Amino acid sequence: MTTREEEPGRGFTVVDRRAGADAGQQAKEAPPAASPRPREEPALDAGEPLPPADFAGFVLSLATSALYHMGFVGDPEGDQPAPEPDFPLARQTIDTLEMLQLKTRGNLDSEEGRLLEGVLYELHLRYVEVSR
């Protein structure tokens, strides 16, 4: 038995440390795993860079997702009309925003806190409106 055995396609070395293993043979190294391709950053139209990620953008993105799942907005890129409401997905997105509000309590500046509170207020009103 050899001290080290190659496991094909894994990119790591298996070492046999049992008593009586032949320690005199050289180890076989598995080839290193191929490095992943670098991720290409998507760009806005006309080659404009994406805006920086910030808390307000994240909250507004989730709010837009909730509005989409409630059927208030369509796909702006595909000029698609608003889809049929998917209330469980809308509720989950609103719940995510509520969890974010709870977990960030005391850590937001006043503007961020007002934004999150206002977004949740509007989403609750619209959810009640469409789910009747």
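Quick look at the values:
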{"read-out": "Count of segment 85-116 residues which are more than 15 Å from Leu67 (Cβ to Cβ), surrounded by 12 or more Cβ atoms within 10 Å (Cβ to Cβ) and not hydroxyl-bearing (Ser, Thr, Tyr)", "value": "8"}
{"read-out": "Residue within segment 62-85 that is touching a Pro at 6+ places or on another chain (Cβ under 6 Å) and aliphatic (A, V, I, L, M) present", "value": "yes"}
{"read-out": "Number of the condition not met by Tyr127 [criteria: (1) part of a helix (DSSP H, G or I); (2) buried (at least 16 other Cβ atoms within 10 Å of the Cβ); (3) within 22 Å of the chain's Cα centre (by Cα)]", "value": "(3)"}
{"read-out": "Close pairs (6 angstrom Cβ cut-off, 6 or more residues apart or separate chains): surrounded by fewer than 13 Cβ atoms within 10 Å (Cβ to Cβ) and at pLDDT 75 or above in segment 61-84, in a loop (DSSP other than H, G, I, E, B) and among the basic types (Lys, Arg) anywhere", "value": "none"}
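The values are calculated or read from the model by the stated rules, or taken from the named source; none is laboratory data. Computed from a predicted model, the values in this text were never measured in an experiment. All Cβ positions, glycine included, derive from the backbone under ideal geometry; neighbour counts span all protein chains shown.
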